[in-house]
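The values are calculated or read from the model by the stated rules, or taken from the named source; none is laboratory data. These numbers were taken from a predicted model, which means no experiment stands behind them. Quick reminder, even Gly has a Cβ in these numbers, built from the backbone with ideal geometry, and neighbours come from all protein chains shown. SASA here: full protein model, heavy atoms, side chains in, ligands and nucleic acids out. Shrake-Rupley method; radii C 1.70, N 1.55, O 1.52, S 1.80 Å.
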Amino acid sequence: MSPLSTAFLKDGQKRYMAEKIIKVPPMAESIQEGTLTQWHKKTGEFVARDEVISTIETDKVDVTVNSPESGTILELYHQEGDTVSVGGNFYRIELGEAPEGGAEAPKEAESKKSAPKEEAKPEPTKEAPKAAPEPVKKFDAPKAKSPEPAAAPKPASSAPKTPAVPVEGEEFAGQLPGSRTERRVKMNRMRLRIAERLKESQETAASLTTFNEVDMSNLMEMRKKYKDLVLEKHGVKLGFMGAFIKAASAALQEVPGVNASIEGGEIVYHDYVDVSVAVATPKGLVTPVLRNCESLSMVQVEKAIAALGKKARDNQITIEDMAGGTFTVSNGGVFGSLYGTPIINLPQSAILGMHATKERAVVINGKVEVRPMMYIALTYDHRVIDGREAVTFLVKIKEIIEDPRRLLLDL
């Protein structure tokens, strides 16, 4: 039973108010602790039920913690920067509704108390300047004498003598402005987890990368022709990601081994296509998942990408948004990458890397033409996927992107 505190009413009667210790809530099945990054409330402040009280950083996302009860905060058991464990004591609260006058009443009282102090400060400052002018007049004479620093010309005469020595010194001074300072910044939990998973991927999977190039002419023409209509009707910009994810979905169903994963001594083949999309955020790379892409249209995929991208950039992405995923698409082309080898996102078996589109000279029907070309890369786990499957998969994507009508005809 929680302890009770007493308060006296105006008529002398006692009122009993329950206190309760709030525990650190569960954040996800695989997460047992996190770093407390911010308290949104302080001791003595009122917090309403379901109001955000703190933010906890985990190795996947930042979790906002809402208060399960309404009341006044009596004690915070942790400081910002501390590691908190699920189920541990978090803070102590005095249960009750908002105080009369609302939660803002105390703030108004504080502002009123601070107001007189601010008014009292200017008064002395006004008196000081009044007394100051008289002494200033008395010292006008010494100011006239001050020009005596006509000795200043003496340094001027010495100035020409110094140049000979400072010439070399100036070279040194020219080097000094170049900063050689260092900063050490503690890695946040997400960055530590990313580093751990990437290293685990390199050490676990038998990674191999195969490449191909895609002529983007037809896809760019289609985008140019219909992007305004799509924006007007669906309210979303038509990009390249939707086309590549739909092409990958079709290729994954044709080559199911690329959509598989290893669990223990078994290979699990997924009949659905859940695509993890790599999104860059200030804290690191996150991979929210688009569910059942095989059943979505290209426009629906673009809408889902836009929604998840916004959540990730606003730090509103949830652990549920990133759970699962059978295949990953990473678009380094938005940053100008021309060529790269992406790292597999375990336990998945493959990842598709998109790159920048550049005009290059290519041979078309025996003639050299300038076409917008993109290199694409597939890094795959050779334990699950053979080279034949990997190349077949990448060629399938190439065929669909170079002729998007294949999606309509299921070819």
Would you work out what percent of the accessible area of region 19-95, with all protein chains in place, is carbon or sulfur (probe 1.4 Å)? 44 percent
Would you mind checking the pairs 283/358; 186/283; 20/41; 233/310; 233/303; 60/283 and listing those with alpha carbons more than 18 angstrom apart? 283/358; 233/310
Among residues other than residue 406 whose Cβ falls under 12 Å from its Cβ, what is the net charge (Lys/Arg +1, Asp/Glu -1)? -1
Whenever you get a sec, compute what percent of the accessible area on region 255-366 sits on carbon and sulfur atoms (1.4 Å probe). 54 percent
What is the spin-label model distance, in nm, from residue 320 to residue 266 if the labels are put 7 Å beyond Cα along the C-beta direction? 2.7 nm
Using the Kirkwood radius over Cα pairs, work out the Stokes-Einstein diffusion coefficient for region 186-314 at 20 °C and 1.002 mPa s, in µm²/s as a whole number. 125 µm²/s
Report D for region 283-411 in µm² per second (integer): Stokes-Einstein, Kirkwood Rh on Cα pairs, 4 °C, 1.567 mPa s. 77 µm²/s
Net charge over other residues, Cβ less than 12 angstrom from the Cβ of residue 188 (K, R count +1; D, E count -1): +3
Zone residues, region 48-92, relative to residue 283, backbone N less than 17 Å from point 7 Å out along Cα-to-Cβ: 52-66, 80-86
In Å and on Cα atoms, what radius of gyration and Dmax does region 371-411 show? 12.3, 36
Largest-first principal axis extents, alpha carbons of region 242-306, Å: 37, 30, 14
log₁₀ I(q)/I(0) of region 35-74 at q = 0.27, 0.29 Å⁻¹, via Debye over equal Cα point scatterers, no solvent, to two decimals? -0.87, -0.94
In whole Å, what are the extents of region 19-95 along the principal axes defined by its C-alpha atoms, from largest to smallest? 31, 21, 18
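What does the extension gain come out to for residue 391 and residue 365, with contour length at 0.36 nm per residue minus their alpha carbon separation? Intermediate values should be presented prior to the final figure.
Working: separation 26, 0.36 × 26 = 9.36 nm, distance 2.34 nm.
Result: 7.0 nm gained on full extension.
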Not counting ligands, DNA or RNA, and with a 1.4 Å probe, what is residue 231's accessible surface area in Å² rounded to the nearest 10? 80 Å²
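Please list 216, 222, 187, 241 from largest to smallest accessible area, probe radius 1.4 Å, with all protein chains kept in place.
Numbers: 216 0, 222 55, 187 90, 241 25 Å².
Greatest to least solvent exposure: 187, 222, 241, 216.
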For region 217-292, what's the relative contact order in percent, using C-alpha pairs closer than 8 Å and at least 6 residues apart? 16 percent
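Share of Cα-Cα pairs in region 191-408 beyond 33 Å, in percent?
13 percent
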